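For reference, the structure discussed in these notes is given below.
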Amino acid sequence: MTAASIPSVPTVTLNDGHTIPQLGFGVFQVPPAETQKAVEEALAAGYRHIDTAAAYRNEDGVGMALAATGISRDEVFITTKLRNGEQGVTRMALENSLAALGLDRVDLYLIHWPVPSQNLYTEAWAELVAARKEGLATSIGVSNFLPEHLERLEQSSEVVPTVNQIELHPSFQQRATQEATRQRGIAVEAYSPIGQGVDLKEQVVKGIAADLGVTASQVVLAWHLAQGTIVIPKSSRPERMAENLGAVDVQLTAEQIEAISALDTDKRVGADPATAAFTQL
């Protein structure tokens, strides 16, 4: 793919004034031994937003890819996340992530899950606020936070998260959580944006794809983008990486967006943040 053919990815301005590329590349479930190659291919395809996490055990692969490509650090937006079992040692966890990535700061650091049974996420948030002040993280946010978790953070801190990264796709839209997030000025970021492939089988999606001459994946990603949602699809195949990136050029009509939105079944693919309590260690 030549530079001229790489799609121009729009950005979203966060509530702290910093911007994030609206479409990024996620490395969830990418094996550590394959991560460097996958990220190098994603960067070559034109991605400038890479999403990882300590729990994925592949931060070092992301870091090696950044070093190998020689792309300027300021040109690539890097997100990583705090493991559930390290909410009591947040500063140390962030330092370990930075060491693995080979960076002196990340662009976005997230609390991966609230884990309400631990009752530590407000303390962890205070540590994220401190880390931001020190320049270890440019922006800070949360992931998998439900309305009640956002409300408790609001009561405990004057600092509002910039992002809430949640499971979000046409068949599971978390409308109450989206509303609670957006009304606080927090950007919504979707993981599992195509429902781990399930939503691509919907006749509505396939029909729109056929009408537009694009793929089902591009249709679903374009649906996210049209609503201002940040989205982080993943793929280990270069042709699929390029395909997903091409979603930024797909324009849906209001009727097509509405038809896709009507697919909501309220069925999760992943864990429920109200009860999830795994340590990720």
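Take every pair of alpha-carbon atoms less than 8 Å apart whose residues are at least six positions apart; their mean separation over the length of the range 216-281 yields a relative contact order of 36 percent.
Placing a label point 7 Å from the Cα of residue 274 along the Cα-to-Cβ direction, the residues of the range 100-137 with a backbone N closer than 17 Å are 114-118.
Please work out the Cα center distance from the range 115-148 to the range 247-281, rounded to the nearest Å. Measuring centre to centre over Cα atoms gives 23 Å.
Within straight-line reach of residue 201, meaning a Cα separation under 26 Å, sit the following lysines at least 8 residues removed in sequence or on another chain: 234, 267. Peptides 94-104, 108-118 ordered by packing proxy, namely the average of other Cβ atoms within 10 Å per residue, highest first: 108-118, 94-104.
The packing ranking, built from the mean of other Cβ atoms within 10 Å per residue, places the peptides 221-232, 266-277, 175-186 in the order 221-232, 175-186, 266-277, highest first. Only lysines eight or more places from residue 133 in sequence, or on another chain, were considered; those with a Cα closer than 25 Å are 81. Evaluated at q = 0.13, 0.18, 0.22 Å⁻¹, a Debye calculation over the C-alpha positions of the range 1-62 (equal weights, vacuum) places log10 I(q)/I(0) at -0.40, -0.71, -0.91. Can you bin the range 1-153 into rounded, prolate or oblate? Criterion: square roots of the alpha carbon gyration tensor eigenvalues sorted a ≥ b ≥ c, rounded for a/c under 1.5, prolate for a/b above b/c, oblate for the rest. It is prolate, given that a/c is not under 1.5 and a/b is the larger ratio.
Fully extending the segment from residue 253 to residue 212 would add 13.7 nm, taking 0.36 nm per residue of separation and subtracting the current Cα-Cα distance. Please report the antiparallel percentage of the DSSP beta bridges confined to the chain, to the nearest 5. Given both bridge residues lie in the chain, the antiparallel proportion sits at roughly 15 percent. Stokes-Einstein, applied to the Kirkwood radius of the range 178-278 over Cα pairs at a viscosity of 0.890 mPa s and 25 °C, places its translational diffusion at 168 µm² s⁻¹. Looking at the range 153-253, the DSSP beta bridges with both ends there are about 10 percent antiparallel. Among 92, 241, 64, the largest mean-square fluctuation in a Gaussian network model of the chain, built with springs joining Cα atoms closer than 10 Å, belongs to 92.
Rule-based calculations on the coordinates, nothing more; no lab input. These numbers were taken from a predicted model, which means no experiment stands behind them. Quick reminder, even Gly has a Cβ in these numbers, built from the backbone with ideal geometry, and neighbours come from all protein chains shown.
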